[in-house]
Amino acid sequence: QVQLVESGGGLVQPGGSLRLSCAASGSIFAIYGMGWYRQAPGKQREFVATITRGGRTNYVDSVKGRFTISRDNSKNTVTLQMNSLKPEDTAVYYCNAQVNTYDYWGQGSQVTVSS
């Protein structure tokens, strides 16, 4: 069994910063792509950012220049640093990882950007 456990998130004012972390544990032989997705109320889950095992990153246009994804392969973790947050960033954020060729998801972390 493999688990992804997220931490971080919360309530922040517009322009503020938050950091999300996700740790994979269990019977792990290899972790390939890792990433973050989000789902706002009444909307479909959308891609936010991904990072390959080699460190290549990809971002949705709306977060480029504000969010940074990183990973630590030795600790099986992925992190999303979110700066200059906007109200439209409000959503539940989900960690994703391809572990041992299977797709796994974290439990979700609420991020609310509001004054």
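In table form, for the structure just shown:
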| item | result |
| --- | --- |
| Most mobile of PRO14, PRO87, PRO41 in a GNM of the chain (Cα contacts under 10 Å) | PRO41 |
| Surface share of carbon and sulfur [accessible, 1.4 angstrom probe, percent] for segment 52-115 | 45 |
| Net charge dipole size for segment 45-100 [Lys, Arg +1 and Asp, Glu -1 on Cβ; Debye, nearest 20] | 220 |
| Solvent-accessible area per residue, Å², over segment 1-88 with all protein chains present [probe radius 1.4 Å] | 57 |
| Gain in span if fully extended, LYS43 to SER17, counting 0.36 nm per residue against the direct Cα distance | 7.0 nm |
| HN-Hα J in Hz across segment 14-30 - Karplus 6.51, -1.76, 1.60, θ = phi - 60°, x for Gly and Pro | x, x, x, 10, 9, 10, 10, 10, 9, 10, 9, 9, x, 7, 9, 9, 7 |
| Ordering of 18-25, 68-75, 107-114 by burial proxy (mean other Cβ atoms within 10 Å per residue, highest first) | 18-25, 107-114, 68-75 |
| Residue order for LYS43, LYS86 - accessible surface, 1.4 angstrom probe, largest first | LYS43, LYS86 |
| Amide hydrogen neighbours beyond the local backbone of LYS86, cut-off 5 Å, H modeled | GLY15 |
| Dipole of the chain [Lys/Arg +1, Asp/Glu -1 at C-beta], most positive-end residue of ASN100, THR90, VAL60 | VAL60 |
| Nearest-20 debye value, segment 9-115 charge dipole, Cβ charges on Lys, Arg, Asp, Glu | 160 |
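The values are calculated or read from the model by the stated rules, or taken from the named source; none is laboratory data. Source: prediction; values computed, not measured. Ideal geometry is used to build each Cβ from the backbone, glycine not excepted, and the neighbour counts take in all protein chains shown. To get the accessible areas, we keep the full protein, side chains included, count just its heavy atoms, and leave off ligands, DNA and RNA. Shrake-Rupley method; radii C 1.70, N 1.55, O 1.52, S 1.80 Å.
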